[in-house]
Amino acid sequence: MSMQFRLPRPAVTSRLKRAGPIAAALMAAFVLVPTASSSGTYTDPAGDSGTAGDITSVTVAGDKGTGQLVFKITGTNIASSDQNLLFLDIDSDANPLTGDITDNGADYSFYVDNNSYSFAHWDGGHWVQTSDLSVQVFGNTSQILISVNRSDLGNTSTFNFVAWSLSVPDKVFDNAPNDGAFNFSLEANGPQIDSVAVQTTPSAGPKAGKKFIVVPTGLKLPPDGRISTSPILPESYSCTAKLGAKRLAGSGTGRCTIAVPKKKARGKKLTVQLTVVYEGTTKVVPLTFTVR
């Protein structure tokens, strides 16, 4: 939960569709993204919201063909009144130094209360109402669904976003995530992983007759305004390895501890395919070493 208090967006203009049951609303929303086989899945700790709605997860699915995006925001007591609000801020260029820099560089923002919503754009100095021809918003106090086309978000394909709730009387709110912003790429259907930092043991590379260990130590994503300098780690990882054309068995975490043969290994190429999983995205990193 962040400590900075932010003012609500412009007055709401459209009615929120309180669809019930929520399963019907969810099905209707995901009809708009028919080719999405996966989605970005983002979590936030429960119980950190005080008197505001407690956001616990956000799921984002996108269709590369149509450009339609669906955000599913899940939690407890979210958007439950005109004094207990929900916001979705979108930094359409994934640059926290442009847009509204007091809101992590947001360029577009949704405002949702118990029976209505608005959609606004940052014009360089103020939040103003903007085109919402592709927008649908519906749900209940445990799930809010927001569907919008990328054409109404500056035609973006990669963006950062923050979901946050606000208790107006108490000036208390819950940020998801607690630090910085989440990232979503239409191409990845989840966060865009630009690169993966890797540590090996031994650090000099594989040695004949010895075990060789590969561990991811950090993921590089687009700038997101994080304050923490701690590395972003994958939720899981795994390895496959070959010495020349021969597949080698792995052990340990993700089978990333590789037993290098002692005989006829020196001077050969050891290739490792490292696969990392983070917030719904899977990235494969090919690594090549020469056995000493």
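Placing a label point 7 Å from the Cα of residue 211 along the Cα-to-Cβ direction, the residues of the range 222-265 with a backbone N closer than 17 Å are 238-241, 248-262. Among 102, 229, 76, the largest mean-square fluctuation in a Gaussian network model of the chain, built with springs joining Cα atoms closer than 10 Å, belongs to 229.
Here the label points at residue 115 and residue 64, each 7 Å from Cα along the C-beta direction, are separated by 4.4 nm in the simple model. Per residue, the range 141-292 exposes 47 Å² of solvent-accessible protein surface, assessed with a 1.4 angstrom probe and all protein chains in place. Highest GNM mean-square fluctuation among 211, 262, 72, for the chain modelled with Cα contacts below 10 Å: 262. For the chain, the Cβ-based charge dipole about the Cα centre amounts to some 2960 debye (Lys, Arg positive; Asp, Glu negative; other atoms uncharged). Measuring max minus min along each principal axis, the C-alpha atoms of the range 98-152 give extents of 32, 23, 15 Å (largest first). Length gained on full extension, residue 227 to residue 253: 6.4 nm, using 0.36 nm per residue less the C-alpha separation. Quantify how much of the Cα-Cα distance distribution of the range 216-283 extends past 20 Å, in percent. The calculated P(r) of the range 216-283 puts 43 percent of pairs beyond 20 Å. Just need log10 I(q)/I(0) for the chain at q = 0.12 Å⁻¹, Debye formula, equal scatterers on the alpha-carbon atoms, no solvent, rounded to two decimals. Per q value, in the given order, log10 I(q)/I(0) is -0.77.
Rolling a 1.4 Å probe over the protein heavy atoms leaves residue 246 with an accessible area of roughly 130 Å². Among 264, 220, 242, the largest mean-square fluctuation in a Gaussian network model of the chain (Cα springs under 10 Å) belongs to 264.
The simple spin-label model puts a point 7 Å past each Cα toward its Cβ; for residue 220 and residue 129 those points are separated by 4.4 nm. Under 1.5 on a/c is rounded, so check that first for the range 152-292, then, if it is not, pick prolate when a/b is larger than b/c and oblate when it is not; a ≥ b ≥ c are the square roots of the alpha carbon gyration tensor eigenvalues. It comes out prolate by the Cα gyration axes.
Over 25 Å between Cα atoms: which of 64/242; 242/264; 220/246; 220/262; 262/283; 220/268 fall into that group?
Listed pairs above 25 Å: 64/242; 220/246; 220/262; 262/283; 220/268.
Computed over the range 245-292, the percent of Cα pairs more than 13 Å apart is 64.
Taking 8 Å as the Cα distance limit and 6 or more residues as the minimum spacing, I'd like the relative contact order of the range 155-214 as a percentage. Don't skip to the answer; put the middle values down first.
Details: 60 pairs, mean separation 15.3, N = 60.
For the range 155-214, the relative contact order is 26 percent.
Charging the Cβ of each Asp and Glu at -1 and of each Lys and Arg at +1, and nothing else, the dipole of the range 173-273 about its Cα centre rounds to 1540 debye. Mean residue ellipticity at 222 nm, helices only, the chain: -1000 deg cm²/dmol; runs of at least 4 DSSP H residues each add -39,500 (n - 2.57), and the sum is divided by the number of residues. In terms of its alpha-carbon gyration tensor, the range 35-75 comes out prolate; a/c meets the 1.5 threshold, and the first ratio a/b outweighs b/c.
The values are calculated or read from the model by the stated rules, or taken from the named source; none is laboratory data. This is a predicted model, so every value here is computed, not measured. Virtual Cβ from ideal backbone geometry, glycine too; neighbours counted across all protein chains shown. Areas reflect the complete protein model, heavy atoms only, side chains present, ligands, DNA and RNA absent. Shrake-Rupley method; radii C 1.70, N 1.55, O 1.52, S 1.80 Å.
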